[in-house]
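Before any comments, here is the structure.
Taken together, the values in this text are just the output of simple stated rules run on the coordinates, not laboratory data. These figures come from a predicted structure and were not determined experimentally. Here the Cβ positions follow ideal geometry from the backbone for every residue, glycine too, while neighbour counts run over all protein chains shown.
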Amino acid sequence: MLQLVLYNVTNGLIIGAFYVLMALGLSLILNLSNVINFAHGNFLALGGYIAFVMAPYTGFWGALLLSPLVAALFGFIIERVMIRRVYGRDPVYSLLLTFGLAFIIQDVCRYVWGPNGLPLGIPDVMAQPLSANLFFITWYRIFMVAIVIIAVAGLFAFLRFSRVGMRIRAGTLDLDTVAALGVNVRLLRSFNFALGSLLAGLSGVLAAGQIGLNPNMGDDLLMPSFIAIIVGGVGSLTGTLLGGLLIGVAAAVTTVFFPSASEAVIYLIMAVVLLLRPRGLLGEEGMMT
Amino acid sequence: MAKREVEGAKYAVAEINGKGGILGRQVELLVEDSANDVGTGVQKTRKLIDRDQVDVILGDVNSGIAYAMSQVTNEKKVFHIVPGGHTDPITGTDCKWNVFRICNTTSMDAAAITPELVKKFGKKWFFITPDYAYGHTLQDAFIKNLKKAGGTYEGDMLPINTSDFSATLIKAKAYQPNVLLNNMGGLAQIDCMKQFTQFGMGKSMGLGGALFELESIKSVPADAQTGWWVMEWWWNQPNVPHVADFVAGMRKATGKTPSARHWFGYVGVHSVRLGAEKAKSLAGPKLSVAMEGLELPPDVALQPGKTFYRAGDHELMPNIFVGEVHPPKGNPDDVFTVSALVPGEQAAGTVEDTGCKMTHPAA
């Protein structure tokens, strides 16, 4: 039994790492622009489908590199054309707008690529498990975790050390002051939205390599991402990281004992955290740590 | 109905209208989207009956919606065919005089494949099952048949939209079963298949289950096209009359090789025609009586042997195609080899077993 639990803790960390990648993009957009992006899961799906289209020409590696960039470009355009029109209004406007956008992207994917699942091929060697004992750790899952670590480290370094990153962090605290200091806030928000979309696109390619593609693929991953943000604390990227790993492990371990509650447990964690510490585990309103 | 069921129904409508329609009237097919939601399905059913004045209702692919719809059609005394909702009570404990079903019950599928899985792999099974009506009845049916064979089991009931099965697969591996039963449906089943394959679990246990439909098989990589499964109809029946014509016609009309879902829709519309010709009416009560025991002609049944609606529970009794899924052999749709044809009535057991107590309305 102990081995089973340990296996599932490890497995949960792998699943959680994926939630983290998805949630960080969502959190970036929420923190700076105060937009609850319900279409984030659909940007993920779009990233996967773009990779599917590119893969025959660029191979898996080329698609992994280019598809997130295309998703970022798409995010940039969407922000410029649609999202920015609701800045300054009640958050419910952005919520409704992105909710509608989610349906549009989902239906476009369904129309173009069909409702049935499609496989995204990964290099054969990556589809193999590490060993007979660690059968649930495939080289692809290790690769996914490595990519997540690199992406998260890169994002944190970017936010801490680059000029644009510092402006994003400052904007999270007080966007008006940042604008008063002469920073082009409109462009900053567009860039930030594109960065969030890039992370969603990257998540999409990685997810497609494991579970394949379907128009609804982002929906199932969106809610755990929101929960990771809430549990970790809105405004805290480190909290999002912690929240993602926590719910990943909780869901995996719950499967050992109460499989039908594996989905409910993450909502239970959210409820408990909100009751005991409403700002989340590491949340300090307006702070990005 | 599923999209492919609608395509099959449209193909049948075109055939029927080309020959003068039903009772001299051209058939019009009105298609509504239930949005996979019980409330919407019920609302659309009421709209079709009350506003559009339809004679017959077909649907839904979701067992829960099909069941809810049957409450409405029964109340309105409208003839109702369920082409592809599998859960047992529809023609079992909750059977109704106006409701007929084309696809198999979960019990029929489980009874058909169990002997093959026991023979091929053994009697220690692990289930991965969706936690809703279809999954519950399917797993119960498997357990009943497995216990009869003296087997043991363990399993997980998972949320219907689960996409990551790694935790459950770890548990399955620890149990060391002879065979893993993947009872999930649709995209969840596909995700489970992929992870089962990626984890190399096929080396230590067999894989099988009730349904792994053509559409789903084609959605997974070649190495996940594996296991022992049931098909409710199969397109490749070289020596069976009319099948090749149907396959060619459907390919021409839709660009796709027909699946069991196409056949469900096709049989559904033709059944209405056959019943109406026999009853000389489209009125629900008369149509229902005419359909009881109705045998499908070979050009509609599209399979060997006798295919008929059992009078006691209104369940269609076709053959059940048991066999092995494999990567394509030349033709991209040649992904299943039939090893046995199990007669539907044999798999279904008796009407008493189903719990159906059919009562017709007073004339």
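Summary table below
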{"quantity": "A:2, B:30, A:46 arranged by Cβ crowding within 10 Å, fewest neighbours leading", "calculated": "A:2, B:30, A:46"}
{"quantity": "Neighbourhood charge, 15 Å Cβ-Cβ cut-off, centred on residue B:45 and excluding it, Lys, Arg +1 and Asp, Glu -1", "calculated": "-1"}
{"quantity": "Separation in nanometres of the label points that stand 7 Å from Cα toward Cβ, at residue A:73 and residue A:176", "calculated": "3.8 nm"}
{"quantity": "13 Å beta-carbon shell around residue A:178, net charge (K/R +1, D/E -1)", "calculated": "+3"}
{"quantity": "Max mean-square fluctuation residue, GNM over chain B, Cα-Cα springs under 10 Å, options B:288, B:70, B:163", "calculated": "B:163"}
{"quantity": "Built amide H within the under 5 Å cut-off of residue A:233, gap 5+", "calculated": "A:281, A:282"}
{"quantity": "For the range B:112-178: relative contact order, % (alpha-carbon pairs under 8 angstrom, 6 or more apart)", "calculated": "44 percent"}
{"quantity": "Positive dipole terminus of the range A:2-276, leading residue within A:48, A:201, A:156 (C-beta point charges)", "calculated": "A:156"}
{"quantity": "The range B:218-232 - phi-based ³J(HN,Hα) in whole Hz, Karplus 6.51/-1.76/1.60, Gly and Pro as x", "calculated": "6, 8, 10, x, 4, 6, 9, 8, 7, x, 10, 9, 10, 10, 8"}
{"quantity": "Beta bridges per DSSP with both ends in chain B, % antiparallel, nearest 5", "calculated": "40 percent"}
{"quantity": "Spin-label model distance (nm) - residue B:338 vs residue A:146, 7 Å beyond Cα toward Cβ", "calculated": "4.9 nm"}
{"quantity": "Cross-link pairs beyond the 25 Å C-alpha cut-off, checked among B:47/B:252; B:3/B:278; B:3/B:252; B:124/B:144; B:144/B:218; B:286/B:357", "calculated": "B:47/B:252; B:3/B:278; B:144/B:218"}
{"quantity": "Net dipole in debye of the range B:281-330 [+1 Lys, Arg Cβ; -1 Asp, Glu Cβ; about Cα centre; nearest 20]", "calculated": "60 debye"}
{"quantity": "Chain A: most fluctuating residue of A:254, A:238, A:177 per GNM, C-alpha cutoff 10 Å", "calculated": "A:177"}
{"quantity": "Anisotropy class of the protein assembly as shown from Cα gyration tensor, a/c 1.5 cut", "calculated": "prolate"}
{"quantity": "Dipole in debye (nearest 20) - the protein assembly as shown, about Cα centre, beta carbon charges: Lys, Arg +1; Asp, Glu -1", "calculated": "860 debye"}
{"quantity": "Gyration tensor verdict on the range A:97-235 (Cα atoms; rounded if a/c is under 1.5, prolate if a/b is larger than b/c, oblate otherwise)", "calculated": "oblate"}
{"quantity": "Sequence-distant residues sharing a close amide H with residue B:131 (under 5 Å, placed H)", "calculated": "B:158, B:160"}
{"quantity": "Within 10 Å of each Cβ in B:214-222, the average number of Cβ atoms from other chains", "calculated": "3"}
{"quantity": "Residue B:124 paired with residue B:306, simple spin-label distance in nm, labels 7 Å along Cα-to-beta-carbon", "calculated": "4.4 nm"}
{"quantity": "Positive dipole terminus of the protein assembly as shown, leading residue within B:360, B:195, B:115 (C-beta point charges)", "calculated": "B:195"}
{"quantity": "Of the GluC sites (Glu not before Pro) in the range A:181-289, those whose Cβ has at most 15 other Cβ within 10 Å and which sit in DSSP loop", "calculated": "A:284, A:285"}
{"quantity": "Residue among B:43, B:139, B:303 with the largest mean-square fluctuation in a Gaussian network model of chain B, springs linking Cα atoms under 10 Å", "calculated": "B:43"}
{"quantity": "Cysteines having no other Cys beta carbon under 4.7 Å from their own, within the protein assembly as shown", "calculated": "A:109, B:103, B:192"}
{"quantity": "Sequence-separation-based contact order of chain A, relative, with Cα cut under 8 Å and 6+ spacing, percent", "calculated": "36 percent"}
{"quantity": "Dipole of the protein assembly as shown, positive direction: furthest Cα of B:180, B:271, B:290, with charges on the beta-carbon", "calculated": "B:180"}
{"quantity": "Integer Hz, Karplus 6.51/-1.76/1.60 couplings in order for the range B:354-359, x for Gly and Pro", "calculated": "6, x, 7, 10, 6, 10"}
{"quantity": "Axial C-alpha extent at least 24 Å, average Kyte-Doolittle at least 1.6 - helices from chain A (DSSP)", "calculated": "A:2-33, A:139-161, A:237-257"}
{"quantity": "Built amide H within the under 5 Å cut-off of residue A:212, gap 5+", "calculated": "A:120"}
